[in-house]
Amino acid sequence: MSNEKKDLSNSKRFIQSYNNIDYTIRTRYDLNRSMGFSELIRRSVALNYIVRKYEDDLIDFGRLRNAIVHGNEDYVMAEPHIDVVEQIEKIERLLTAPPKALETVCRRDVLSIPSDMSMKEVIILIASSSYSNIPVYNSNNEIIGIANGQKILDSLGKHLLSGGKCETFLNNVKIEDMLSKIENSNYYVFANKDLTVEYALELFHNNSKLLAILVTKNGGAKEKPLGIITGTDVLKMNNILENY
């Protein structure tokens, strides 16, 4: 906290954070300026992970703001407790200056594999690296999918059920062959280097099939990955936001 803010009363700090939250949400989502704060929060729940997480707190803060100033911010009727002030300032930080995923949660040493690698080689690499989601690139440096342990197991199971042999799957099937049989590609997405932890969580929340987010400079599929986030990082991201 800045020294300037420390010199303010609890009520001034509270109102300052409240106004910043109100302005940030309205401008970010282009919501009507005549809309009441409680309605603003309810409308934003579907749009923002932080608003959804702290919905009840924010609505309570709206009521408290009205009780403190009663329509006139120059006339303070009550001083909020310091715990309340610190909580609204935390939410303000999360909304106005959220932590960047690349700086906090992304694994920067992105392991990738070529599309012509055999399933046996892929399985050995997953086992030896402890990485369960590995991007697969073709000869044109384009991602064609994610090598995922569960998807590999499912594919092996289908191969065996159809009468195929395990050795054939391991030695003759390439990872690109397996990935070509997966009907959709919504299990991975790209994001640019400014991806926030909050938005990364939003992506996982909105897509239960999402395995990985690949972070590149501009969010392009042909760019070199700067970092990767997987579903196993969700708990870590929640902890980052909780302690931010």
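Derivation of every value follows stated rules applied to the coordinates shown; laboratory data play no part. Everything numeric here is computed off the predicted structure, so don't read it as measured data. Here the Cβ is made from the backbone with ideal geometry for all residues, glycine too, and neighbour counts use every protein chain on show.
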Task: Hz values of 3J(HN,Hα) by residue in the stretch 90-99 - Karplus curve (6.51, -1.76, 1.60), Gly and Pro given as x - done: 5, 5, 4, 4, 5, 8, 9, 9, x, x
- [ ] May I ask you to evaluate 6.51 cos²θ - 1.76 cosθ + 1.60, the Karplus curve with θ = phi - 60°, for each residue of the stretch 18-26 and list the ³J(HN,Hα) values in order in whole Hz, giving x for glycine and proline?
- [x] 4, 5, 5, 5, 4, 5, 4, 5, 5
Open item on the list: Quick check: residue separation of SER208 and ASP57 times 0.36 nm, minus the Cα distance between them. What number comes out in nm?
Closed with: 51.7 nm
- [ ] Write down the Å³ per residue value for the convex hull defined by the alpha carbon atoms of the chain.
- [x] 146 Å³
Open item on the list: Cut-off is 10 Å between beta-carbons; in what order do THR168, THR24, THR216 appear when sorted fewest neighbours first?
Closed with: THR168, THR24, THR216
- [ ] Counting only C-alpha contacts under 8 Å and six or more residues apart, can you give the relative contact order of the stretch 3-97 as a whole percent?
- [x] 40 percent
Task: Those aspartates and glutamates that a straight Cα-Cα span of less than 12 Å connects to LYS12, excepting residues fewer than 8 apart in one chain - done: GLU4, GLU73, ASP74, GLU79, GLU89
Open item on the list: Amide H of VAL173 versus every other amide H placed in the peptide plane: which residues, excluding those fewer than 5 positions away on the same chain, fall under 5 Å?
Closed with: MET119
Task: Span per principal axis, largest first, for the Cα atoms of the stretch 103-242 (Å) - done: 49, 30, 28
Open item on the list: Below 8 Å between Cα atoms, with a sequence gap of 6+, how large is the relative contact order for the chain in percent?
Closed with: 19 percent
Open item on the list: Let me check the size of the stretch 1-126 from its C-alpha atoms; what are the radius of gyration and Dmax in Å?
Closed with: 21.3, 72
Task: Amide H within-cut-off set for GLY227, under 5 Å, with H built and near neighbours excluded - done: VAL215
Task: Order by protection proxy (mean Cβ within 10 Å, highest first), peptides 98-106, 151-159 - done: 98-106, 151-159
- [ ] For each pair in LYS100/LYS209; LYS165/LYS236; LYS5/LYS224, compute the distance between the two Cα atoms and list the pairs where it is over 30 Å.
- [x] LYS165/LYS236; LYS5/LYS224
TODO: Starting at the first residue of the stretch 235-244, write each ³J(HN,Hα) from the Karplus equation 6.51 cos²θ - 1.76 cosθ + 1.60 with θ = phi - 60°, in whole Hz, x for Gly and Pro.
DONE: 4, 4, 5, 4, 5, 4, 5, 5, 10, 6
Open item on the list: 7 Å from Cα along Cα→Cβ at both SER38 and ASN243: what's the point-to-point distance in nm?
Closed with: 3.6 nm
Task: Residues in the stretch 87-131 that a label on ASP177 would reach, taking backbone N under 15 Å of a point 7 Å out along Cα→Cβ - done: 115-123
- [ ] Using packing as a proxy for protection, rank 219-227, 132-140 so that the peptide with the highest average count of other Cβ atoms within 10 Å comes first.
- [x] 132-140, 219-227
- [ ] Quick one: order ILE68, ILE82 by neighbouring beta-carbon count within 10 Å, fewest to most.
- [x] ILE82, ILE68
Open item on the list: Of ASN186, HIS159, ILE175, which is farthest towards the positive pole of the stretch 103-242's charge dipole, taken about the Cα centre with +1 and -1 on the beta-carbons of Lys, Arg and Asp, Glu respectively?
Closed with: HIS159
Open item on the list: I need to check one value: relative contact order of the stretch 153-244, counting alpha carbon pairs closer than 8 Å and at least 6 residues apart, in percent.
Closed with: 22 percent
